[in-house]
Structures are given as C-alpha cells and as structure tokens.
Amino acid sequence: MLDVLDYIKKDSSFEHLTHTILYGKDVYFIQYFEQLVRQKYETKTYWADELDYDNFKNIVSSKSIFNKKSVVIIKNFTELLSKLKKENLDFLKKTQNILILEEYEDLSEKDIKNIQNLLGDINILTSKQKKPDYLKSLIQKKFKKEGIELKQDIIDTIISTIGTDSLNLKNETDKLILLAKSMPITEEVLSKAMIKEPKDEAFSIVDALVNQDIKRALSIFYDTIKLGQHPLLTLGFIQKQFTNMYLAFKINKSFDETCKILGINHPFQKNILAKQLKTIKKDKLFGIIKILQKADMNIKYYFQDPAEVVEKLIIDVGIILKT
C-alpha cells in the first residue's frame, strides 16, 4: 500500500499502471493523480451510484477505436460494491482497460480486505491528509519556484489560518503568490488576504435550512461571499454539520456520549446540534449527505463555479427538508 505521491515518483510515466483503488480524505492529490493519468491515457469518468453490474461490466470491457486501452475512473466506488458481491467479475482480468476506483474517505483494514476478496489482486493507493511540516515544505518550494522567499513564521501562519486541507491551501497560496508580485507578504497582509474558516455563518445557514427558511439561508450565504469567504469552505462546514446529525442518529447513544465520539466539545456547538436533532427528520439526512458529496465533487473535480454549486445546494437541501 503506497501513498499516491510515492507511486507517482516510482512510476511517473504510468507505464505500469494497473487496476487501482485510490482512497483518502486529501482530494487535492487524488485530483493531481487524475490529471497526470489523463495526460497519458484516454479516460472516462463515472459515479458509482449511477451504475449497476451490467453497465459496470460494459464500461470496463468496452474497446476504444483509437487506443488499445483507456482508464475508467469510478468515483465513490464503495456505493457499487454491494451490487457486485454475487456477480462474476472475471472480466476484470481480461479487459485491456485500466480501472481506477476512488473513495474520498479513509478505509479500514477490514474494508480493504473485503474489497480484495471481491476484486482480487488490485493496486491500493492512499491519499491521506498530509502532516503540517510536509505541507509547510511544499508551500516553501512553491513560493521559491516563483522567486519568492517566505519567512518561517509566515508559513506557520498560513497553515494555522487555513488548516491542512491541500485543496484550500492551493487556492489560498495561488492568491498569495499573485499578491507577492506587488507587495511583501507580511502578517498584516495575511490577515486581510486569507479566508479563515467561516464557522459561524455555516452554523447559521444550516440552522436556517433545518427551520425550512431557504430565503434566509441564501441571504447568509450571499453575505459570506461579500465578505470574501470562499464557497468551498462554507460547503465544508455545512457538510460537517449535516454529517454530524446523520452520525448522531446512527450512533444511537446518549447525547453526551455521541458528542464525545464526534469530538464536539464546545457548549455552543453542542447546543446547536441538540436543537437541530430535535427539529430535523432523520429519514431526510441520507439524501442530503449524497447531494453534499456530489456538490463537493462538482467543485473539486468538474471545476464548476463554487458559488453557483453551493447556491443550488442550499436550494436543493431546503426543498428536501420542506417535502
């Protein structure tokens, strides 16, 4: 089992690429892997929840007129596994195409064992969130490449403000590089330029949605854009809140035990969660989680306009909660 970046160093030309599982929470490096693969092979991309056994088999077994092989990327692949458990998968060994199965969460050893039992000999790559020191080194190299020297305390502030999500770091450091062309990057510049985590606004958006007030939720979201907050960050906190609600129902323990398991310790957050759990119907949450995941992918993978995606998401979630 290799980290995706270690694999890229080992086989940068992708000459030895075979059927692969690529999983982990660091979406940016999964995206980077995909971009490199697209430079080498013809690729086709599908969502697992849109497939069944028959069309999965047809897609993987299909032949290209112009190339000997193509790469078939299936996103959120664990949603497809239950449909394949009792099926004949011998075609995976015979196809000339290369199958890449992606999941944007960490998988347990048990999960991986079950996948290997089902799919056989398959390459496994991880894209776990990187440690702060590693990311600081990447930031330093990125700025040096542009001829810009950053002091260590500035790099420390970038990480402590933005966090360790690589995609957010890329977006914010791209912006800082443009600024550095016209002014020195100081602590004061960072405080004005970087987008901090918009927790309070996200709490308010979700609270408005749970109370079936779509108009108010949209108004709060538009205000966050005026303040310069990136829609992807707003989406991340909205995802976290609805995921916590979903897990709270699934855990089925006392409220205090549930909060401890979910890592919710602040009294404000606990009060918000308690109020939301009393208001929302649990049968609505699974559908909301699915469209939240899809919105995330639409921004990160299909490069759709983040503000438009989150705006549509707020409306869609509001409609689910109203029906």
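The values are calculated or read from the model by the stated rules, or taken from the named source; none is laboratory data. If you're wondering where the values come from, they're calculated on a predicted model, not measured in any experiment. So basically every Cβ, Gly included, is an ideal-geometry build from the backbone, and we count neighbours across all protein chains shown. In case anyone asks, the SASA skips ligands and DNA or RNA and just uses the protein heavy atoms, side chains included. Shrake-Rupley method; radii C 1.70, N 1.55, O 1.52, S 1.80 Å.
Quick notes on this structure:
- The residue that is most open to solvent (accessible area, probe 1.4 Å), among those in region 145-189 that are modelled with pLDDT of 85 or more and among the small types (Gly, Ala, Ser), is Gly147.
- Residue in region 290-302 that is among the basic types (Lys, Arg), over 19 Å from the mean Cα position of the chain (by Cα) and at pLDDT below 85 present: no
- Restricting attention to region 17-56, the residues being in contact with a helix residue (DSSP H, G or I) (Cβ under 9 Å, 6 or more places away or on another chain), open to solvent by 60 Å² or more (accessible area, probe 1.4 Å) and either at pLDDT 90 or above or over 23 Å from Gly120 (Cα atoms) (or both) number 1.
- Note on region 62-96: residues that are open to solvent by 50 Å² or more (accessible area, probe 1.4 Å), within 27 Å of Gln31 (Cβ to Cβ) and touching a helix residue (DSSP H, G or I) at 6+ places or on another chain (Cβ under 8 Å) total 3.
- In region 117-167, the residues that are of a type in the set (Asp, Glu) and over 13 Å from Asp26 (Cα atoms): Asp121, Asp133, Glu146, Glu149, Asp153, Asp156
- Looking across region 219-248, just one residue is of a type in the set (A, V, I, L, M) and loosely packed, with under 14 Cβ neighbours inside 10 Å, and that is Leu227.
- Taking the criterion of being in contact (Cβ under 8 Å) with a residue 12 or more places away in the chain, farther than 24 Å from Ile289 by Cα and outside any loop (DSSP other than H, G, I, E, B), the residues of region 120-137 that qualify are Asn123, Ile124, Leu125, Pro132, Leu135, Lys136.
- Answer from Ile289, Ile320, Ile314 - the residue that is of a type in the set (Val, Ile, Thr) and open to solvent by less than 20 Å² (accessible area, probe 1.4 Å): Ile314
- Top-ranked residue of region 74-119 - restricted to ones that are in contact with a Lys or Arg (Cβ under 7 Å, 6 or more places away or on another chain) and assigned to a strand (DSSP E or B), ranked as nearest to Tyr41 (Cα to Cα): Ile98
- The sole residue among Lys93, Lys83, Lys63 that is over 22 Å from His16 (Cα atoms) and either over 22 Å from the mean Cα position of the chain (by Cα) or at pLDDT 85 or above (or both) is Lys83.
- Test: residue in region 249-258 that is in a helix (DSSP H, G or I), polar (S, T, N, Q) and open to solvent by less than 20 Å² (accessible area, probe 1.4 Å): yes
- Candidate set from region 190-216 (those that are part of a loop (DSSP other than H, G, I, E, B) and modelled with pLDDT under 85); member that is most open to solvent (accessible area, probe 1.4 Å): Lys196
- When Phe303, Phe286 are checked against the criterion of being out of contact with any strand residue (DSSP E or B) (no Cβ under 8 Å at 6 or more places or on another chain) and not in a helix (DSSP H, G or I), Phe303 stands alone in meeting it.
- Subset of region 169-185 (residues that are assigned to a loop (DSSP other than H, G, I, E, B) and either under 27 Å from Gln129 (Cα atoms) or basic (Lys, Arg) (or both)): Lys181, Ile185
- Within region 260-283, the set of residues being open to solvent by 70 Å² or more (accessible area, probe 1.4 Å), closer than 22 Å to Asn211 by Cα and either in a loop (DSSP other than H, G, I, E, B) or touching a Leu at 6+ places or on another chain (Cβ under 6 Å) (or both) comprises Lys281 only.
Condition check ((1) over 30 Å from Thr20 (Cα atoms); (2) touching a strand residue (DSSP E or B) at 6+ places or on another chain (Cβ under 7 Å); (3) not aliphatic (A, V, I, L, M)) across all residues:
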| site | (1), (2), (3) |
| --- | --- |
| Asp111 | no, no, yes |
| Gln129 | no, no, yes |
| Ile148 | yes, no, no |
| Lys175 | yes, no, yes |
| Leu178 | yes, no, no |
| Lys192 | yes, no, yes |
| Ile205 | yes, no, no |
